[in-house]
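Chemist: Structure below; questions to follow.
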């Protein structure tokens, strides 16, 4: 006998269908309704996994007015939605360790508790509390260099880049070729070149 014959499958299927059809269907649980309750509707919060049985019309009516959060305050709903992200499982903050907290309160040090700080880098006044070093101040500018900077309309804080940029601008402005051959600006141009050479000799450029 071949137990894998399709004949046995048809017999089993027919018997299951007949058994299912012989089971009486429950009626609709809506008051006064005599129709068959073929559709499930959840019973609500704190009764998960339990369902009412309604007919099609009454399950539509029930679902239209169903509210899982009925009776809960806004804060309770917000808390529930926040906890649903983690499946309502308990959580702890990052780095929270009761043993380490007790050790820290007692001033103890261990491999799993408070780290030792032999150099005092993390104590008050140590590396963490130390102010950032002040930028190195530029050495004083002598009177000759000061007059040269004034000639270029620069202050004492001008660096090499600013001096070179201003020199190029002034040379273009007062060069005779840029003024239609007018040589009345030659004296001013000569002053600018002399001032630049002075600053260069002073090591500022």
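The values are calculated or read from the model by the stated rules, or taken from the named source; none is laboratory data. These figures come from a predicted structure and were not determined experimentally. Every residue, glycine among them, receives a Cβ derived from its backbone with ideal geometry; neighbour counts consider all protein chains shown.
Chemist: Given the condition out of contact with any helix residue (DSSP H, G or I) (no Cβ under 9 Å at 6 or more places or on another chain) and at pLDDT below 90, answer yes or no: does some residue in the range 163-178 qualify?
Modeler: Yes, that holds for at least one residue.
Chemist: Restricting attention to the range 53-87, and to residues there that are surrounded by 13 or more Cβ atoms within 10 Å (Cβ to Cβ) and within 30 Å of the chain's Cα centre (by Cα), which single residue is nearest to residue 31 (Cα to Cα)?
Modeler: The residue in question is 80.
Chemist: Does residue 114 satisfy the condition of being at pLDDT below 85 and exposed (fewer than 10 other Cβ atoms within 10 Å of the Cβ)? Step through it out loud before you land on a result.
Modeler: On the way: at pLDDT below 85: yes; exposed (fewer than 10 other Cβ atoms within 10 Å of the Cβ): no.
Against the criterion (at pLDDT below 85 and exposed (fewer than 10 other Cβ atoms within 10 Å of the Cβ)), residue 114 does not qualify.
Chemist: For the range 36-68, what are the residues that are in contact with a helix residue (DSSP H, G or I) (Cβ under 8 Å, 6 or more places away or on another chain) and farther than 28 Å from residue 84 by Cβ?
Modeler: 38
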